[in-house]
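These notes are about the structure you will find just below.
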Amino acid sequence: MFARKLKIQSEKWGEVGSTPMLVPSLSSRVNIEYRKTLDVLSEVITGPFLLSAYDFYHTDPFPKITFSELVFFDSGGYESAIDKEVEEFGLYKPDPFEWNRAKHSEAVNRFDEEIPKVIISYDHPSERMTIDKQIKHANELFRTKEGIIKELLIKPESENSRRVKLAGFFDNIESISDFDILGFTEKELGKSVLDRMTAIAKIRQQLEEHSIEIPLHIFGSLDTITTPLYYISGADIFDGLSWLRFVFDDGQTHYINTYGPEKFGIHENSDGVWIRSVYQNYNYLGRLKINLEHYQSTGDFTKLGVKSEFFQSAFNDLNEKMGGVL
């Protein structure tokens, strides 16, 4: 069983959290007013939170972050992308602002909030390079940064590749121990969910064989289904925007515009439905974290709630694909 519990440590702040860690995110690519949304979220969030270095750089002035116990300061690659995934049409808007390595570094330097922070290495969708160069650039970024938690985000190595080639990553795996957290984007690990689960399990397997014990962060995987699936596969940290776009309820992820009126009443205005959904989703994520912890300590799939049979069946498929080693 690859599910585990790890402490997140900072040289400056000591222990700042533990896995499984569920990290609600905010991005300008969600078609909502950024500052207003951040103000609402300040009344909701107490635990870890993810925001983009791109949004921080291009929002002036950026509101003070005083409500989170731990901030993940993301790479900016997602917000600077122009292309959209098929499932994002009508839901996201690309922004035209320039983004490059120098602007990312400037944003990191300017983000001086006196709270524990995870800084994630730079990414831009039009800039692709080999894994060893990605590691080199990340080390250069972090070399002069003190008191931060360093996260290496691994990306595809060429512009015509949409997936991370694990062989290239495994060739450089001994260099990973220089970082505190290792990150991958969900969709870049495989075409299907089972492909991604298998990639996560293989990464964990390789890390353990090299005695590297750092959390594995899967970007874009915060919901009622993929979070448990990737956790039982070996991932540790999960973030995403689904909690702002949908309603989490009883193991399901619902479309907010249709389920919201049913859940909260047809007389509730749209803003009210959204705000109540955000509060409900944040509470749901707190309960999901506890369920994952119970599963980790017992190995009992029923601790994962109403979808436990589905999760156990998925794990069995993963185990078979991995040759029965899980």
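Each of SER161, ASN139, TYR279 was placed along the dipole of the chain (beta-carbon charges, centred on the mean Cα), and the one lying farthest toward the positive end is SER161.
Once Rg and Dmax of the Cα atoms in Å is calculated for the structure shown, the corresponding label among (i) 20.8, 83; (ii) 20.8, 66; (iii) 19.0, 58 turns out to be (iii). Cβ-to-Cβ counts within 10 Å put SER177, SER10 in ascending order as SER177, SER10, the fewest first. Annotation: amide H of GLY17 within the under-5 Å range of ILE8, sequence separation 5 or more or interchain, hydrogens built in the peptide plane.
About its Cα centre, the chain has a charge dipole of approximately 240 debye under the convention of +1 per Lys or Arg Cβ and -1 per Asp or Glu Cβ, with nothing else charged. The distance linking region 43-58 with region 201-280 is 16 Å (Cα centroid to Cα centroid, whole angstrom). Amide hydrogen proximity for GLY47: with H placed 1.01 Å from N in the peptide plane, the residues at 5 or more positions away or on another chain lying under 5 Å are GLU69.
Where does each of TYR34, TYR122, TYR78 land when they are ranked from fewest to most other beta-carbon atoms within 10 angstrom?
TYR34, TYR78, TYR122
A straight Cα-to-Cα reach below 21 Å connects LYS303 with the lysines LYS5, LYS289, residues fewer than 8 places away in its own chain not being considered. Summarising the amide proton neighbourhood of LEU153: residues at separation of 5 or more, or on other chains, whose placed amide H is nearer than 5 Å comprise SER121, GLY183. What the phi angles of region 167-180 give under the Karplus curve with 6.51, -1.76 and 1.60, with θ = phi - 60°, is a coupling list of 4, x, 5, 4, 5, 10, 5, 5, 7, 6, 5, 6, 10, 8 Hz, glycine and proline written as x. The 3J(HN,Hα) values that the Karplus relation (6.51, -1.76, 1.60; θ = phi - 60°) gives for region 97-111 are, in residue order, 5, 6, 8, 8, 4, 5, 5, 4, 4, 5, 4, 4, 5, 7, 7 Hz. Gly and Pro appear as x. By the beta-carbon count within 10 Å of each Cβ, the least crowded to most crowded order of ASP239, ASP180, fewest first, is ASP180, ASP239. Coupling constants for region 43-57 follow from the phi torsions by the Karplus curve (6.51 cos²θ - 1.76 cosθ + 1.60, θ = phi - 60°), and in residue order they are 8, 10, 8, 10, x, x, 8, 10, 10, 9, 4, 4, 5, 4, 5 Hz; glycine and proline get x.
No value in this document is a laboratory result; all are computed from the given coordinates. Predicted, not measured: the structure shown is a model, and the values here were computed from it. Neighbour counts are summed over all protein chains in view; Cβ atoms, including those assigned to glycine, are modelled from backbone coordinates with ideal geometry.
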